[in-house]
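*Asks:* Just passing along the structure, written as structure tokens.
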């Protein structure tokens, strides 16, 4: 029975949630922005829920559009977030279809940054449930097209590895794409993982350029002094005079 309720919820949710698309931009400090689209089968648009999420701490709504295509409601939302914790807090009501999941961003001992995000669908219980298998079979037979969840991530660092198809990794554009067929996700979770390497900070480049400019100016100044300075000639002459025998300097 513990597994039955999530399965029933999932059947209801997936009958309405046809597709979920998300594009996420991540900044080095953990802040960022996101743009998502959710298609849901419903008789009314739940705009109140969007506004409630927009009032959460660290969340800044930029745009929200709701449209209808036949029996489906299409939500298009874009927002900014102050940090990863604020982004995760949007998901305050976990359900059988947890397409939002949660994100972690950790620095490893070697200095690399690892991004992880866990999403899930259905019950996560490990024990066998015959009734759950029956419901799964019914759903599979009734659904001719299964919802696809798509995630595109923009990262600020060099991508080393990611657990997705090679064609979905854009090293130059620093983006990673994942696509999940919900039929294959039944009663399990998926983990998106990206390992990245931090580059040299722009501040280091700026300081290095400043040092190089000062060093170049110093070398130029030495060359100019050596070629044109009367002071240098006087010092050279005085040094030569001091090195000469005393008889040459003060004849008796």
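*Asks:* Scale the Cα Rg of the range 55-102 by the rule-of-thumb value 2.2 N^0.38 Å and send over the ratio, two decimals. Show your work: numbers first, answer last.
*Replies:* Numbers: Rg = 12.8 Å, N = 48, 2.2 N^0.38 = 9.6 Å.
My calculation over the Cα atoms of the range 55-102 gives 1.33.
*Asks:* I need 73, 176, 66 ordered by Cβ neighbour count within 10 Å, fewest first.
*Replies:* Working: 73 20, 176 25, 66 13.
Ordered by Cβ neighbours within 10 Å, fewest first: 66, 73, 176.
*Asks:* Order these by the 10 Å Cβ neighbour count, fewest first: 196, 108. Please list the in-between numbers first.
*Replies:* On the way: 196 22, 108 10.
Ordered by Cβ neighbours within 10 Å, fewest first: 108, 196.
*Asks:* Would you mind ranking 185, 51 so that the residue whose beta carbon has the fewest other beta carbons within 10 Å leads the list?
*Replies:* On the way: 185 19, 51 11.
Going from least to most buried by this count: 51, 185.
*Asks:* Still on this model: Can you tell me the length gained on complete extension of the stretch residue 82 to residue 50, counting 0.36 nm per residue apart and subtracting the Cα distance? Show your work: numbers first, answer last.
*Replies:* Details: separation 32, 0.36 × 32 = 11.52 nm, distance 1.78 nm.
Net length gain for the segment: 9.7 nm.
Taken together, the values in this text are just the output of simple stated rules run on the coordinates, not laboratory data. Because the structure is a prediction, the values reported are computed rather than measured. Reconstructed Cβ throughout: ideal geometry from the backbone, glycine too, with neighbour counts over all protein chains shown.
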